[in-house]
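First comes the structure, then the notes that go with it.
The values are calculated or read from the model by the stated rules, or taken from the named source; none is laboratory data. Remember, it's a predicted structure, so these values are computed and weren't measured experimentally. Neighbour counts are summed over all protein chains in view; Cβ atoms, including those assigned to glycine, are modelled from backbone coordinates with ideal geometry. Ligands, DNA and RNA are excluded from the accessible area calculation, which covers all protein heavy atoms including side chains. Shrake-Rupley method; radii C 1.70, N 1.55, O 1.52, S 1.80 Å.
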Amino acid sequence: MSTADGRGGTSDMRGRGMTYDTGFIRGDSSSREHFDPWRVEKELAVIRDDLNCNAVHIVGGDPDRLEIAAHVAAELGMEVWFSPYPLEQTTDQILTLFATCAERAERLRAQGAEIVFVAGVELSVMNRGFIDGDDVSARLERLLTDPEGRDERFAELGSRLNAFLGTAVAHIRERFQGPVTYAAIQFEAVDWDLFDIVTLELIRSAAVADIFRSSVRSLVAQQPKPVAITGFGTATWRGAGDMAPRSMEIIENDPDTGAPVRLSGVVERDEDGQATYLHELLEVFDSEGVDSAFVFLFALDNLPHRPDGDPRDDLDLASLGIVKVFEGRNGVAYPQMPWEPKAAFGTIAEFYRR
């Protein structure tokens, strides 16, 4: 058993998890342009066998892809967190996505798979209809920048979101008979009576480092339901862990398509820093009684590793992936795969092996 200060011992977390991207879809753009079921099968086997995960958080915007990956993970014996991830959608579009995904998740559950349905992630800032603003940055600015009236804005957000979640959960439970959760930002003030598991996107930055452990301890102590943590990770440049929730903001995106183009400046690769950050957070979650934790994330295909040429073109430096993805070639450690493990890969595997 881990000690109270998080040092040593055997992991007590029930769910030792990894997040797996099937394609974050925003408009006509996807983080995973090519989806090869053969590669999905091999990667999920690596997640189970080499990273020692017994659970996987499968995210994306395409119901077909989610179902394919979830089926593979279930066949591998992992607990599957089936997680449609809408981006820049209206509430009606989100409800439609949830309904079709709930039906697919139920088919797998009825066949004997362990499935948790995740009713979205950070819906209020990632989608339309909860906060005024045309994109994530505008919504956060609207919500957080002006201290005058901030409490009222938070209250209005919570009211809108919980009303929507009440409708969404009713739609989901009509179609899916297993446990349901939602991956929340803390300020969303979710009504957890709607859900079976309390799930938070909990990311440590330098600004909250001194209270992070005690906050996790309080969160677990206050909740009668199991607590899961998703969304935690950091990019692969030196200093990224200090601003982890914003460590991808060094990317410059195409103004028309939103696709990543280059980095805004030159940064230093620091795989050991990413590995240390993830190990420290896993230690906190394990020792403070978190039920399940899902490292964010395995790979991001749209942020390839380009070690040659202009360092601003090496988009992997901004990636939270624990493997670095190549363009047009495969790696060495896994010769059939177009990626190479980063230092965090081994760190996670060792932690989850305990």
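Determine whether Arg104 is open to solvent by 10 Å² or more (accessible area, probe 1.4 Å), over 23 Å from Val227 (Cα atoms), in contact with an Asp or Glu (Cβ under 6 Å, 6 or more places away or on another chain) and touching a residue at least 40 places away in the same chain (Cβ under 8 Å). Taking the combined requirement at face value, the residue satisfies it. The set of residues from segment 197-248 being in contact with a strand residue (DSSP E or B) (Cβ under 8 Å, 6 or more places away or on another chain) and of a type in the set (Lys, Arg) comprises Arg204, Lys225, Arg238. Does Asp314 satisfy being modelled with pLDDT of 95 or more, of a type in the set (Asp, Glu) and crowded, with 21+ Cβ neighbours inside 10 Å? Yes. Quick check: anything in segment 166-185 hydroxyl-bearing (Ser, Thr, Tyr), open to solvent by less than 30 Å² (accessible area, probe 1.4 Å), within 28 Å of Ser218 (Cα to Cα) and out of contact with any helix residue (DSSP H, G or I) (no Cβ under 8 Å at 6 or more places or on another chain)? Yes: one or more hits. Of the strands (runs of 3 or more DSSP E) lying entirely inside segment 218-285, the ones with 1 or more residues being more than 16 Å from the chain's Cα centre (by Cα) and not hydroxyl-bearing (Ser, Thr, Tyr) are found at 251-253, 260-263. Residues in segment 323-344 that are under 20 Å from the mean Cα position of the chain (by Cα), touching a residue at least 60 places away in the same chain (Cβ under 8 Å) and open to solvent by less than 20 Å² (accessible area, probe 1.4 Å): Lys342, Ala344. Between a first residue in segment 201-223 that is over 24 Å from His57 (Cα atoms) and a second residue that is among the acidic types (Asp, Glu), which pairs have beta carbons less than 7 Å apart while being 6 or more apart in sequence or on different chains? Hits for this filter: Ala206/Asp242.
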